Amino acid sequence: GEGNTRTVTLTNVTGTADSNNKISIRANAVKDAAGNGSSVVTSTAFTIKAKDTTRPSVVISKPSPTTVEQGGTVKYTVSFSDETAMGTVNFNNDYVALIGFTGNVSVSGTGNTRYVTISNVTGTADSDNKITIRANAAKDAAGNGTVATNSTTFTIVEPVKDTTRPSVVISK
């Protein structure tokens, strides 16, 4: 600052969270023309906030349907949340890993709720299959990213083959 005004800037402040903190200017920090020194002055209190290190959560719905025929489609709803405030949701196809099967992934929706549709599902019949949402698909306002999260499983089945022979009727 200049003249009679100075600004005190504190950086890298550490201390007990939610505590009242003050700064003091020592006596005689300034003197007037007659040599009289200033008194001790204490600031009003400020609070140190705890750093947010809690990761936002990811919730993956149960697969719909839970049994999928080869070549069929399975859908999930993926929700992101944080107890304080969400920052960004980066979630797209690249964050979906298919575990135990293959298929075509598409992601739709906006905000904190997204819809994952996997079409042309193929894999081993009667196997358990799932998706994983990779880490950092969303970040909260403090910059904490989501952890990788697995869905519940679904089963791939072979399409039911029609083995019933057609009937033929001969009229009289």
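The values are calculated or read from the model by the stated rules, or taken from the named source; none is laboratory data. Note that the coordinates shown come from a computational prediction; the quantities given were computed from them, not determined experimentally. Please note that ligands, DNA and RNA were not included when accessible areas were found on the heavy atoms of the full protein model with its side chains. Shrake-Rupley method; radii C 1.70, N 1.55, O 1.52, S 1.80 Å.
The table below gives the values:
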quantity	calculated
Per residue accessible area in Å² of the stretch 76-172, where ligands, DNA and RNA are left out and the probe is 1.4 Å	59 Å²
Solvent-accessible area per residue, Å², over the stretch 16-67 with all protein chains present [probe radius 1.4 Å]	78 Å²
Gap separating the Cα centres of the stretch 17-43 and the stretch 100-132, nearest whole Å	65 Å
Which label in [x] 31.5, 134; [y] 18.6, 60; [z] 19.3, 71 gives the computed Rg and Dmax of the Cα atoms in Å	[x]
Average Cα contact separation per residue, the stretch 50-144, under 8 Å, 6 or more apart, as relative contact order %	37 percent
Relative contact order [Cα under 8 Å, 6+ residues apart], the stretch 37-101, whole percent	27 percent
Considering only the chain, percent of DSSP beta bridges that pair antiparallel, nearest 5	90 percent
Carbon plus sulfur fraction of accessible area for the chain, probe 1.4 Å, in percent	48 percent
